[in-house]
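Just below is one structure, and these are the notes that go with it.
FYI, it's all coordinate maths here, none of it is from the lab. This is a predicted model, so every value here is computed, not measured. Here the Cβ positions follow ideal geometry from the backbone for every residue, glycine too, while neighbour counts run over all protein chains shown.
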Amino acid sequence: MRQWKHNGVTIIGCNNLASSVPTHASELYAKNVITFLAAVTKPEGFTFDLADEVVAATLVTYNKEVRA
C-alpha cells in the first residue's frame with residue numbers, strides 16, 4: 001500500500017494493483033468452489049437441491065439423464 005497527497009486529498013492505494021489481482025481472483029475462485037461443495041455435500045453424500053438456481057445450473061447429468 002502507498003499513501004500520498006494530491007491537491008490536499010490523501011490517496012491510498014496499491015503500488016502495483018495488477019500484481020495483486022491474480023491472488024484475489026484465485027482466492028475468490030477457491031471460496032466459490034468451497035461454498036458450492038459445502039452446499040451439495042452432506043455427511044450421507046452428495047445432495048442436489050434442484051430448486052437452488054446455482055446447483056440446478058451446474059448439473060449436466062442427473063439420475064442418468066442429460067439435463068438441458
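Per residue of the chain, the DSSP helices (runs of n ≥ 4 H) give a summed -39500 (n - 2.57) that works out to -14500 deg cm²/dmol at 222 nm. Among the chymotrypsin sites (Phe, Trp or Tyr not before Pro) within region 22-68, those in coil by DSSP and having at most 15 neighbouring Cβ atoms inside 10 Å are F48.
For the pair A57 and N16, the difference between a 0.36 nm per residue extended length and the Cα-Cα distance amounts to 11.1 nm. Note on the chain: dipole from Cβ charges, positive end direction compared against A18, G8, A68; the farthest Cα belongs to G8. When you restrict to C-alpha pairs under 8 Å that are six or more residues apart and normalise by the size of the chain, the relative contact order lands at 13 percent.
About the Cα centre of the chain, what is the dipole size in debye to 20, counting +1 per Lys and Arg Cβ and -1 per Asp and Glu Cβ, all else neutral? All intermediate terms of the calculation are to be shown ahead of the outcome.
Values: 6 positive and 6 negative charges, 84 e Å.
Roughly 400 debye, rounded to the nearest 20.
The aspartates and glutamates whose alpha-carbon is closer than 19 Å to the alpha-carbon of K31, local same-chain residues fewer than 8 away aside, are D52, E53.
Just one of [x] 64, 29, 20; [y] 44, 17, 15; [z] 30, 24, 21 is Cα extents along the principal axes in Å calculated from these coordinates, so which is it? Read-out taken from this structure: [x].
Can you check what the net charge comes to around A38, using other residues whose Cβ is under 14 Å from the Cβ of A38 (Lys, Arg +1; Asp, Glu -1)? Can you show the working numbers first?
On the way: positive: K31, K42; negative: D49, D52.
Taking every Cβ under 14 Å from that of A38, the sum is 0.
Note that region 28-37 has calculated 3J(HN,Hα) couplings of 5, 4, 4, 5, 5, 5, 4, 5, 5, 5 Hz, one per residue in order, obtained from phi through the Karplus relation 6.51 cos²θ - 1.76 cosθ + 1.60 (θ = phi - 60°); glycine and proline are x.
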